[in-house]
Protein chains: 4
Amino acid sequence: MGMVGGGSDAFIGAIHRLAALMDNQIELVCGCFSVNPEISFSSGRSYFLPDKRVYKTYREMFEKESKLPESERMDFVSIVTPNFVHFEPAILALENGFHVVIDKPITFSLDEAKQLKAMVDKTGRILALTHTYSGYPIVKEARERVRRGDIGKIRKIFVEYPQGWLSSKVEDAGNMQASWRTDPKRSGKAGCMGDIGTHAFHLAEYISGLRAVELCADLNTFVPGRLLDDDGAALIRYNNGARGVLIATQVAAGEENALKIRIYGEKGGMEWFQMEPNTLWMKWPDRPAEMVRTGQGYTGAIAKHNTRTPAGHPEGYLEAFANIYRNFSLTIRAIMEGKKPAPEWLDFPTVDDGIRGMQFIDTVVQSGYSDSLKWVKMKE
Amino acid sequence: MGMVGGGSDAFIGAIHRLAALMDNQIELVCGCFSVNPEISFSSGRSYFLPDKRVYKTYREMFEKESKLPESERMDFVSIVTPNFVHFEPAILALENGFHVVIDKPITFSLDEAKQLKAMVDKTGRILALTHTYSGYPIVKEARERVRRGDIGKIRKIFVEYPQGWLSSKVEDAGNMQASWRTDPKRSGKAGCMGDIGTHAFHLAEYISGLRAVELCADLNTFVPGRLLDDDGAALIRYNNGARGVLIATQVAAGEENALKIRIYGEKGGMEWFQMEPNTLWMKWPDRPAEMVRTGQGYTGAIAKHNTRTPAGHPEGYLEAFANIYRNFSLTIRAIMEGKKPAPEWLDFPTVDDGIRGMQFIDTVVQSGYSDSLKWVKMKE
Amino acid sequence: MGMVGGGSDAFIGAIHRLAALMDNQIELVCGCFSVNPEISFSSGRSYFLPDKRVYKTYREMFEKESKLPESERMDFVSIVTPNFVHFEPAILALENGFHVVIDKPITFSLDEAKQLKAMVDKTGRILALTHTYSGYPIVKEARERVRRGDIGKIRKIFVEYPQGWLSSKVEDAGNMQASWRTDPKRSGKAGCMGDIGTHAFHLAEYISGLRAVELCADLNTFVPGRLLDDDGAALIRYNNGARGVLIATQVAAGEENALKIRIYGEKGGMEWFQMEPNTLWMKWPDRPAEMVRTGQGYTGAIAKHNTRTPAGHPEGYLEAFANIYRNFSLTIRAIMEGKKPAPEWLDFPTVDDGIRGMQFIDTVVQSGYSDSLKWVKMKE
Amino acid sequence: MGMVGGGSDAFIGAIHRLAALMDNQIELVCGCFSVNPEISFSSGRSYFLPDKRVYKTYREMFEKESKLPESERMDFVSIVTPNFVHFEPAILALENGFHVVIDKPITFSLDEAKQLKAMVDKTGRILALTHTYSGYPIVKEARERVRRGDIGKIRKIFVEYPQGWLSSKVEDAGNMQASWRTDPKRSGKAGCMGDIGTHAFHLAEYISGLRAVELCADLNTFVPGRLLDDDGAALIRYNNGARGVLIATQVAAGEENALKIRIYGEKGGMEWFQMEPNTLWMKWPDRPAEMVRTGQGYTGAIAKHNTRTPAGHPEGYLEAFANIYRNFSLTIRAIMEGKKPAPEWLDFPTVDDGIRGMQFIDTVVQSGYSDSLKWVKMKE
């Protein structure tokens, strides 16, 4: 694995490394860790890389790595930069034959996402998108239970993602994470909805297997002087007639990372809360609610494939993240070895999910700032 | 106290009696418990009433009771019939000089509610509306904490009320509660939104002190053949600029009575959940969340006035309900004795809250069934 | 109902009245509410009693009430005084033909309890002991589930009752509840173990159906100058070979009233926590844990008989307390009417449970203060 | 790092590798993964090791590795075999100059533990013991809060560790984990108390800073035919006068890994539950309980040093485990570089904690099987 971004001063890059390395399947071999070469080199050294595998530009990295012998060069690149630096390195990586892991939202604009999809199709390389929350084993169990009809035809999806860290103008107080996320030039046309709304949107479609067809939104910016939305909600209509409510806010003062989803069907309901991530509640009209738990023998094969510890030994955020890397790496290894990946290895978000996220952003922004448009069809 | 409705076959009447009697301040002295005189008389006997204080019609009850000596006659009437039998007995009771307790929603239509308000004003009698959830001590504590500015200016209100008991067509299976609630002739123009949406709406305004000014809703009927909404959601704009999301559904299969409210201000947030009703969460951006509990010495005077047991001895739904009766009875006793009620005694929902609920119903129904109208101003 | 104790300045008396009156089956008709006649009369008036039914001594009350016509006189007396004033009024009440409700622990000493039992047997009157926690509907459901073998043969019982209110010397700071409870002359030979240890002990035997046969305890007094135990724990051996741990402490600073019981059998486990009293957890080795809830249709007949509100409308401490009064009053009414009480009406703690509690106190005190005696057989 | 044990068929070895590798500070370079050379070699290959670094015996490994150039050879060995194969490889590793990580309990007997301590002292090598639960960031925060006196002088420690996985005789059904743990020849003189009781005992001393001085225990074997205890409880007296209750059981059917600790002092209490590992409850007599959370800015420097993700992104069991490896590796690197380790790096369990665990096992076994000995002094 090589990295674009992820210098020792960066947050999400460190998460990617932890997630990639823990399973002893992936090795960090090179990187362009920062636009600042000094930071890049010092980062590389702290990651035990020789200076020759630290590059000043990602362009240089792709070119030089692609000329190394296959046994030496990186197999894929992980792009962990702010949104506006996703598209170009991803395209270049694909063109140079590398598989790609990229953070969400996939690109700066929907148009870029479609171009990226075209390049993925053209090159036959694999692109994984780190919608982390779909990596939790019990989230996968939830999807399987929906698929096999446990809760019947879905009627309602409530997905909410309240955070509080942007309750005040921290972007002016040196918070680098806040700084680019609230800057339309680096983040794109949505703030909160791009950063966490897309996670919520993806999770709902991932578990339910449904597709949103139209939505009606209200977007707000509560902190004075902020340039992008820091709060919003959307009513959603899904393709089977189900209705949803999606809440995403970063001004819910005092909330940490409280992503929660509840889905109700004709026969029962389910609930999952990211901050107690190893529990899936199954609720029934006529019998006691059940607490389904990661690591239990009764979970399905897909959940088990994504579980590392026995029940009661909590798997956390990093293990969910690592599941994306593990399935991605199993898939690309199979491809490199000319084998067919097992179906459960292919269970990671791809460029199609990336496009879906960008469509959501475009739609929610259009609806959210209009006082007259009620239902807006999902952009294509 | 006299009763209209509340025969031994009725649900909410029994709740009203429990709530009214537990504090040893109110005595049941008469009633017209059913349109079926047989049920009415047998009910009366099971409540230890002499037959002469059981009446065949409420009209008869008001007339005869009003001619009894003051020391004997009922002081107020509790109307616990389906919505379409609220208005007439309430008007008659007021005209005959009785105070009134009435279940929500206050009337069949907004127009009736306004007429009732006029009669309350004209007669100077007191009308209490049983929005039970505002009776919980810690809900009152929440309101006080908002008032004194603990969480700062409010930005967000999330209130949700998921139930699952109408997930299938129980109204066809002999469920009497479901039968009238899903019947537009007996319930009014809203089903779920009238039955529980009004509770959620009231709770949000009660705690926050804010007033909704416009809303954008989506109403649905999921169970085939049902005549009223069994599900809905609304985006709300409040008079101080805060935004809200209100969810009310009766098809959330497996949910019991899961009313929850979360309010976020510039300085902090709060959360209350009806099924763990003695806990108020206070959340802060920069220090640990706090669990504020009913019965603790640190709660304020208003919470204490509404608390019966020490911390850790759970107060339940009936005690919340009883607080409405107790404050109402303290108030009417003061009035009967020519005294001024203490401010904390006046803390129960009144005809004004009833009107507010009917305005909500009218507004949410108009918005909820329109695919083009986005924001609808609250009806007046 | 008449009362001994329970003046307007008393805590537990108010609880007894709330519990007795809410179901509209019991009327307060007389009382001797305080040793101070002034408080007694003013209390009586505030309870709407005529002065002639307020008595200066309980002796006077029993004599005068017993001479009133049957339709007028009290049917039973509720004794809500400190422990050292339980025995004499109870004996007198029984001798005068009255049924008795009495707070726990039943008497000052085991010997008194046995004498009381003899008098109950002699007079054929009914004595109910208010071990409140066995009044919760879902606790009764737990007992039924044990009885029908859901968890198999019981192996382990963990019961714990941590409170924090005696963490400092509040008995010197005017706390009347603390004052008599920590005074060996008024409370008996045990403090914490008598006050709450007996509740925990009773609950374990009530749900499990087992009998403790020997125990090994450690009693402590942490607050300097206090005269009775404020903390303790006991290892217990039950008659079927099961082992238990009982914890009772009143110096767990910050705890409210955190009674919890967990029972494990060969086939599964169960857990109940008094501060979330409507939930019973059923735990299984090979399938998801289940959350069994008060008010659900799937609960058994005995739980239903003791439930007033639908699922999700929390029943609290007062309703649990009221269940003891209701079953007791159904029983004595049946007896007064010459009928056989239904089995579920007889489900309230009696003088036998009172004796059991006193045996526990004697045993735990002997073991708890000995550094050499390990297992002490339960006193008889 | 080299490994003894941890073949691809082993449970705890995989956990050790995940924990060791995730921080990109440690590389697996060699191992003797199984007594079965075939498994050992195939395991080595699946860990991407060349065959020459996979050894048939640990003796061979220590000898050959110690002769490799310093830059190539392993720096330390991780011993992840059953208890009876701890002592010999540990002694050999130390003698050959390697640092050691070892799973708990440290050895088969207290005597072995003392010999190991002598060897550690003699060689100056570092030995880390994987009492995982002390690796959680918020557990470290708890210890710091005790140290700075937040809860005052400690009075009570309740520590409990219920598991259910040994409720039936799974050791006869092919469960390898159960097989050696219930075998006195491989596990030592204690079963449950050695396996999980030592964790609970360590956690209590770690957070509280206290030392147990005597205990009174009851040990049981519930599953017929089992050769070691599968359940037990102990009353404990600590060196400052505090009293404790320790519960450890593996027959609590339906429980996963429910380690919980509660500590109460003169000024407040605290509670931590392993299955919600990022929350520390602080409880107060006179103000709301506080929920202290991993990753929050208000946590102390030691918690922060051991935290990888922001608040609300759950850290799990593997991260706690990894903290032991990380602090250990920071320490040995400092030593190898001739530097002084920072104090927070030294925060991992050592050979002294291992001896303490063996002393606990000896004491609890002596007391637990005696019907006459009440208080037994901690073995030395």
TODO: Enumerate the pairs (first residue in the stretch C:156-177 and free of Cβ contacts under 8 Å to residues at least 24 places away in the same chain; second residue anywhere and part of a helix (DSSP H, G or I) and not charged (D, E, K, R)) with beta-carbon separation below 6 Å, excluding pairs fewer than 6 apart on the same chain, so at least 6 apart or on different chains.
DONE: C:170/C:178
- [ ] Residue by residue through the stretch B:363-380, note down the ones that are of a type in the set (Val, Ile, Thr) and out of contact with any helix residue (DSSP H, G or I) (no Cβ under 6 Å at 6 or more places or on another chain).
- [x] B:363, B:365
Open item on the list: Name the residue that is least open to solvent (accessible area, probe 1.4 Å), counting only residues in the stretch C:340-380 that are of a type in the set (Phe, Trp, Tyr) and away from every other protein chain (no Cβ under 14 Å).
Closed with: C:360
Task: Any chance residue C:355 is in contact with a Gly (Cβ under 9 Å, 6 or more places away or on another chain) and of a type in the set (Val, Ile, Thr) - done: no
Open item on the list: Scan the stretch D:144-162 and tell me whether some residue there is out of contact with any Gly (no Cβ under 6 Å at 6 or more places or on another chain) and more than 23 Å from residue C:251 (Cβ to Cβ).
Closed with: yes
TODO: Select the strands (runs of 3 or more DSSP E) contained entirely in the stretch B:1-115, then report the ones holding at least 2 residues which are farther than 24 Å from residue B:179 by Cα and touching a residue at least 40 places away in the same chain (Cβ under 8 Å).
DONE: B:76-79
Task: Condition met for residue C:38 (of a type in the set (Asp, Glu) and under 26 Å from residue B:71 (Cα atoms)) - done: no
Open item on the list: If I ask for residues that are within 13 Å of residue D:161 (Cβ to Cβ), touching a Phe, Trp or Tyr at 6+ places or on another chain (Cβ under 6 Å) and among the small types (Gly, Ala, Ser), which ones from the stretch D:250-273 would you list?
Closed with: D:252
Task: Matching residues, the stretch A:276-289, being more than 10 Å from chain B (Cβ to nearest Cβ) and in contact with a strand residue (DSSP E or B) (Cβ under 9 Å, 6 or more places away or on another chain) - done: A:278, A:279, A:280
TODO: Of all residues in the stretch A:236-246, count the ones that are open to solvent by 10 Å² or more (accessible area, probe 1.4 Å) and within 7 Å of chain B (Cβ to nearest Cβ).
DONE: 1
Open item on the list: Restricting to the stretch D:80-131, name every residue that is under 23 Å from residue D:380 (Cβ atoms), hydrophobic (A, V, I, L, M, F, W, C), out of contact with any His (no Cβ under 8 Å at 6 or more places or on another chain) and open to solvent by 20 Å² or more (accessible area, probe 1.4 Å).
Closed with: D:87, D:91, D:118, D:119
- [ ] State all residues of the stretch D:211-264 that are basic (Lys, Arg) and within 19 Å of residue C:374 (Cα to Cα); if no residue qualifies, say none.
- [x] D:237, D:243
TODO: Scan the stretch D:27-45 for residues that are open to solvent by 20 Å² or more (accessible area, probe 1.4 Å) and within 14 Å of chain A (Cβ to nearest Cβ) and report the count.
DONE: 3
Open item on the list: Restricting to the stretch A:247-258, count the residues that are facing chain B (nearest Cβ under 10 Å), of a type outside the set (Ser, Thr, Tyr) and farther than 14 Å from residue A:203 by Cβ.
Closed with: 6
Open item on the list: Yes or no: the stretch A:175-191 includes at least one residue that is closer than 24 Å to residue A:371 by Cα, crowded, with 24+ Cβ neighbours inside 10 Å and over 17 Å from the mean Cα position of the chain (by Cα).
Closed with: yes
Task: Residue count for the stretch B:342-380, restricted to those that are of a type in the set (Val, Ile, Thr) and outside any helix (DSSP H, G or I) - done: 2
Task: Residue count for the stretch A:297-311, restricted to those that are buried (at least 21 other Cβ atoms within 10 Å of the Cβ), farther than 14 Å from residue A:22 by Cβ and not small (Gly, Ala, Ser) - done: 1
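Let's see how each residue does on (1) more than 20 Å from the chain's Cα centre (by Cα); (2) over 23 Å from residue C:323 (Cβ atoms):
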| residue | (1), (2) |
| --- | --- |
| C:57 | yes, yes |
| C:69 | yes, yes |
| C:80 | no, no |
| C:93 | no, no |
| C:96 | yes, yes |
| C:111 | no, yes |
| C:114 | no, yes |
| C:122 | yes, yes |
| C:131 | no, no |
TODO: Quick one: residue C:337 ticks every box in (1) without any contact (Cβ under 8 Å) to a residue 12 or more places away in the chain; (2) away from every other protein chain (no Cβ under 13 Å); (3) open to solvent by less than 40 Å² (accessible area, probe 1.4 Å); (4) not small (Gly, Ala, Ser) except a single one, so which number is it?
DONE: (3)
- [ ] For residue A:11, work out the one condition from (1) within 14 Å of chain D (Cβ to nearest Cβ); (2) buried (at least 18 other Cβ atoms within 10 Å of the Cβ); (3) at pLDDT below 95 it doesn't fulfil.
- [x] (2)
TODO: Among the residues of the stretch B:259-275, write down those that are at the interface with chain A (Cβ under 10 Å from one of its Cβ atoms) and closer than 17 Å to residue B:135 by Cα.
DONE: B:271
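The values are calculated or read from the model by the stated rules, or taken from the named source; none is laboratory data. Everything numeric in this text was worked out from a predicted model, so none of it was measured. We place every Cβ from the backbone using ideal geometry, glycine too, and count neighbours over all the protein chains shown. With ligands, DNA and RNA removed, areas are computed over all heavy atoms of the protein, side chains included. Shrake-Rupley method; radii C 1.70, N 1.55, O 1.52, S 1.80 Å.
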